[in-house]
Structures are given as C-alpha cells and as structure tokens.
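To start, the structure itself, in structure tokens.
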Amino acid sequence: MKSYTIHLIRHGVCEGNLEGRYVGRTQSPLAQEGMQALLELKRKGKYPEAVKYYASPCVRCVDTLKVLYPTADPEVILELAECDFGDWENKKAEELMHDPKFLAWMNGGRHEAPPNGESSIVFMQRVCAGFEMLVRNMMTTGDESAVLVTHGGVIMTLLAAYGLPRAKMTDWMCENGHGYSMRIDPMLWSRGMAAEVYQMLPVLPNSGQREYTVLDIAREAADRAYGKKENKEQNEEE
C-alpha cells in the first residue's frame, strides 16, 4: 500500500524573533541572519524534495521555502498559520508580566487566551483541522510527498497530536530551519490518525537515525484508536 511523506520545517529567524517579540499574525520578514543561517543549513545538510510544497500564510514561511526550494511554487494553507496573539501581538514578555491573563496563559491554561486572540485549544483544533485536510488531499490526489514550512508551535502541536513515537509537545521543539519528516500509512491513519516520525531535518551526513519498528508503530496506532474513549472521558472529567 502506498505511503505518504510530509516534511515539516520551521521557518528561519525573523526580525521579531531577534527582538524577542510575540509574532503570530505579524508579517515579520526573515532577518538577514536568518537567511544566512538557512543557506548554511542547506549547504551542510539535505532538505528532501517533494511533489507538492506548502507554507503558512506568513511571509517568513513563504520566504523560507523559497530560500530552501528556489524553484518551488508553494501553496498557502491558512489553517496552519501561527497562533493569533491578539492584543499581545508584537509585544515582549517583559511588557506583559504584570497582566494576570498573560500569567494564566503562560501557566498552561488550555482555555486561557490573549485578549482578542486564540486559546491553546482553539489553536490546536485549527491546525489539526488544516493538517487533516492536507493529508486527505494527498490521499485523494495521490501526491506521495509534501514539504510544509510553518511555525514551531504548529509543528509541536501536530507531532504531539499525531506523531509516533508519542511524546509531549515540548519534546518536539526544533530550531529555526530544522524540522521532522513524517511517514503516513493509510491503514494506520484511518485507524488511529498516527504517523511515524522517522528523521530530523535537515538530514546531515553520517547522522544516525533511531530505530523504530513497524510493530512499535502498530501498537501505538492501536492504542490511539482504541484508547480514544478512555482519553475522552478523562478530558471531560478535567
């Protein structure tokens, strides 16, 4: 049976990142340092080619894709944009430390949200819906591979939701210009919406890849599929 590969890459460093600002929907361009770092990563390692190329609507993601894949014609996926930080957009953390809503949000409240922005749960639902749409489209068209340049928060959310081996969201953090490759088996996806995370990006020469067997993947996929009811009941209790 055909499998599908999606390469998730975090955008390069932008001007807002350098200044330590919350840049969600702000169109902060790639910094010169960020562009140089991407070119250096491309020189040292390998970014896989793909049939289709996708990006978040933010200019820093589109420009990152163009640096890494100059001939690609990316398609923008609106649902895979960064979190909407609302009134906190483009501000630094030290400017918000006296705001009790900010402190509650920083402490991990899933339903806490920036004023006029998105809560963690709304953000998660949005990006997961966008990713599932992407997977459905690939299976419908038969496109076997795709590159998606998006944001660190989006990548962590997607891998925590679908990635095997299972890991906490923070375990999937990656630096700018780096990312992960996922392999999606249609049968496992239909049963448990699970995807094998099989390598880090860019692929560096002589980099050892971890071993992860088909049995491991099947076991975790089954756990996702048949453990949904138990997890749902637990979430409702919380």
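Quick note: the coordinates plus some simple rules give every number you see, no bench work behind them. Because the structure is predicted, anything quoted here is derived from the model rather than measured. Please note: Cβ atoms are built from the backbone with ideal geometry, for glycine as well, and neighbour counts cover all protein chains shown.
Taking amide H positions as modeled 1.01 Å from N, with prolines and chain starts lacking one, the residues under 5 Å from ARG25 and 5 or more places away or on another chain are PHE85. Across the stretch 123-183, C-alpha contacts under 8 Å between residues 6 or more apart give a mean separation that, scaled by the residue count, equals a relative contact order of 30 percent.
The per residue volume of the convex hull around the alpha-carbon atoms of the stretch 114-214 is 127 Å³. Three principal axis extents of the stretch 1-130 based on alpha-carbon atoms, in descending order, are 46, 40, 21 Å. For ILE184, the amide hydrogen comes within under 5 Å of the amide hydrogens of TYR4, THR5, ILE6, counting only partners 5 or more places away or on other chains and with H modelled in the peptide plane.
Given contacts defined as C-alpha pairs under 8 Å and at least six residues apart, what's the relative contact order of the chain, whole-number percent? Relative CO of the chain lands at 27 percent. Relative protection proxy for 177-187, 113-123, 67-77, 145-155, from highest mean packing down: 145-155, 177-187, 113-123, 67-77 (other beta-carbon atoms within 10 angstrom).
About the centre of its Cα atoms, the stretch 4-237 shows a dipole size close to 440 debye [charges on the beta carbon of Lys, Arg (+1) and Asp, Glu (-1) only; nearest 20 debye]. For the chain, the mean residue ellipticity at 222 nm estimated from helices alone is -12500 deg cm²/dmol, where every DSSP H run of n ≥ 4 contributes -39500 (n - 2.57) and the total is divided by all residues, rounded to the nearest 500.
Computed over neighbours whose Cβ is under 10 Å from that of SER3, the net charge equals -1, Lys and Arg +1, Asp and Glu -1. Shape summary: the chain maps onto an equivalent ellipsoid whose semi-axes, from the alpha-carbon gyration tensor, are 28, 25, 16 Å in decreasing order.
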